[in-house]
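J.: Got a structure for you, questions after.
Readers should treat all values here as calculations from the given coordinates under stated rules, not as data from a laboratory. Owing to the predicted nature of the structure, the values given are computational and were not obtained by experimental measurement. Ideal geometry is used to build each Cβ from the backbone, glycine not excepted, and the neighbour counts take in all protein chains shown.
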């Protein structure tokens, strides 16, 4: 039987695990006919990253990135006690899938560079790893809420491009 989560009194049925990152597990869930992404925060050790309060960081980062103006999945709900974040589901291929299929388009690079410029203007970096980006129609979405203070060694040009197979 599929796992169920209750967030703010609403029940969400798990369809599948979408991914496991340094901050949590992301599941595709449904509530009636609507699909969502449910992120369950975890506290597994991570050798290369130091965390404080992951839930508060996610919520704070969502607010900061919303002000930047890049395409993000909307925050639908959260539960501090259960450490759950419910996001809008963005349907489409990840940049990682497009790189693997050799289907990455120049327009995708233009869009991520525009995102980078918007983030730098606000003093932020996002995590440019290709699984964090989904193409839907003409839009490129950054589906993670993680952001950090800008440091050029972690921007797209100096770090992310290598994973997008861009030289």
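J.: How would you rank 127-136, 5-14, 107-116, highest first, on the average number of other Cβ atoms within 10 Å across their residues?
T.: Ranking, from highest mean packing down: 127-136, 107-116, 5-14.
J.: Return the equivalent ellipsoid semi-axes of the chain as a descending list in whole Å, where each equals the square root of 5 times an eigenvalue of the C-alpha gyration tensor.
T.: Over the Cα atoms of the chain, the ellipsoid semi-axes are 26, 19, 15 Å.
J.: Report, to the nearest 10°, how far helix 54-68 tilts away from the longest principal axis of the Cα atoms in the chain, using its own Cα long axis and a range of 0 to 90°.
T.: The angle comes out at about 50 degrees.
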